Amino acid sequence: FPGCPEWLYAQGVPRQFQPDGRSFPDYSHPVYRKRLRNFLRVFAARFCSDPRIETIDLRAYGDWGEWHSGYGYPNLPQRRKALAILLAAWRDANQGRKWLNLSASYEWMTSANSQREFAPQGLSIYEWPPPSYAAYRQGSLFDEAFQFPDVTLRRDGVGGAVKQEYDGRLIANFFAQQRKPVTMECFGGLDAYVNGRPPIGFPDTKPGDDFVQNALDEIVSHHANYATPIGWLAQIGATEFYNRYRPAMLETHKLMGYRFFLVRATYPRAAAPGDPLLLFQTWENRAHGRCYRLCPLRVSLTQNGRAVWAVNDARFDQRNWMAGETYDIASRF
């Protein structure tokens, strides 16, 4: 894996090899920065104004662009500077038009982020965690990136690679503090779940576990709005995966994102012209995600199936509604 087009290295961009033969460019190099901005300008012109697209993955640093396992900078300030350059290039091209999904993955291969020596080859990140939650956030610029209004969270490897101490804490804090969509990717593909085999790289899981249901449960627990049905090891198509586990997938769809249910509504039997009309409502969110856009409540009076009067309650705000709670709303027209 060259990490970027080979011709960029020929134009003077420094190249760093990993022990397994992968290589990555110095993302802060002027030539790389210029070429990246050129690419993103063309990319944004094609996709960032397309109304069919809700979010775009901000793929920029490291393996698969997942914000981990990339170029190893000699110290934390230089690393943060390089990541900030990548964020700025994407945001400048996007101009706030789409949500940019930044992968919340820990960079486990560089001492600058972990504040330790390089991990021995073959040692798992989960046997070698970061020294603190602050180091985890600062090392990958999560402390700044998720404060930008157009940058939201994507987490890859759910159902196999997310550990709760830091990964889960970051996702939970993001959901509590932000009003943005959350995207997930299932760890592995169907071949990582069938026949009682544990996901590749995680032999400590118990044979016979229902890996598909476990992965779907974890997606819901992280309050996802969107999720891929398969992941990076898929040997078959998403449709076959979906159809093989259709009941579980459909049940998960009901719990992902948001699903508002009007439990109760009370209103007067009659209202005189010129008098206020009061509408009291009780709502529930019966899914585990959050509706991240403000949606006004529209109320209509109908006669013979045709609306003769309609108005919006602009004060209606459902962005904070979460599962397990009821919300009493009073609308005055």
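Just a few scattered comments:
- For the range 137-167, the set of residues classified as farther than 22 Å from A82 by Cα and free of Cβ contacts under 8 Å to residues at least 12 places away in the same chain consists of Q164 only.
- Any hit, the range 232-240, residues being under 29 Å from G168 (Cβ atoms), in a loop (DSSP other than H, G, I, E, B) and modelled with pLDDT of 90 or more: no
Residues are listed down the side, and each one gets a yes or a no for (1) over 28 Å from L250 (Cβ atoms); (2) modelled with pLDDT under 90; (3) among the β-branched types (V, I, T):
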{"site": "V263", "(1), (2), (3)": "no, no, yes"}
{"site": "P268", "(1), (2), (3)": "yes, no, no"}
{"site": "P273", "(1), (2), (3)": "yes, yes, no"}
{"site": "N285", "(1), (2), (3)": "no, no, no"}
{"site": "H288", "(1), (2), (3)": "no, no, no"}
{"site": "R298", "(1), (2), (3)": "yes, no, no"}
{"site": "V308", "(1), (2), (3)": "yes, no, yes"}
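- Matching option when the condition is modelled with pLDDT of 75 or more, touching a helix residue (DSSP H, G or I) at 6+ places or on another chain (Cβ under 8 Å) and in a helix (DSSP H, G or I), among D143, D167, D156: D143
- Flag for A323 being under 25 Å from W99 (Cβ atoms) and small (G, A, S): yes
- Boolean, G289 is closer than 18 Å to R179 by Cα, surrounded by 13 or more Cβ atoms within 10 Å (Cβ to Cβ) and touching a residue at least 40 places away in the same chain (Cβ under 8 Å): yes
- Within the range 79-97, the only residue that satisfies the criterion of being polar (S, T, N, Q) and either modelled with pLDDT under 90 or at positive phi (or both) is Q95.
- Looking across the range 12-62, the residues that are open to solvent by less than 40 Å² (accessible area, probe 1.4 Å), in contact (Cβ under 8 Å) with a residue 60 or more places away in the chain and part of a loop (DSSP other than H, G, I, E, B) come down to Q18, L58.
- Within the range 318-331, being surrounded by 15 or more Cβ atoms within 10 Å (Cβ to Cβ) and closer than 16 Å to R298 by Cα holds for Q318, I329, S331.
- When the residues of the range 257-286 are filtered to those that are basic (K, R) and in contact with a strand residue (DSSP E or B) (Cβ under 9 Å, 6 or more places away or on another chain), the one that is most open to solvent (accessible area, probe 1.4 Å) is R264.
- When restricted to residues that are open to solvent by less than 20 Å² (accessible area, probe 1.4 Å) and modelled with pLDDT of 65 or more, the range 99-122 contains 8.
- Total residues in the range 173-183, condition in a helix (DSSP H, G or I) and under 12 Å from the mean Cα position of the chain (by Cα): 2
- Looking across the range 63-75, the residues that are touching a helix residue (DSSP H, G or I) at 6+ places or on another chain (Cβ under 9 Å) and open to solvent by less than 40 Å² (accessible area, probe 1.4 Å) come down to W67, H68, S69, G70, Y71, G72, Y73.
- Scanning the range 258-299 for residues that are hydrophobic (A, V, I, L, M, F, W, C), part of a loop (DSSP other than H, G, I, E, B) and over 20 Å from G324 (Cα atoms) yields A270, A271, A272, L277, L294, C295.
The values are calculated or read from the model by the stated rules, or taken from the named source; none is laboratory data. Since this is a predicted model, take the numbers as computed values, not measurements. We place every Cβ from the backbone using ideal geometry, glycine too, and count neighbours over all the protein chains shown. Note: areas computed on protein heavy atoms with side chains; ligands, DNA, RNA excluded. Shrake-Rupley method; radii C 1.70, N 1.55, O 1.52, S 1.80 Å.
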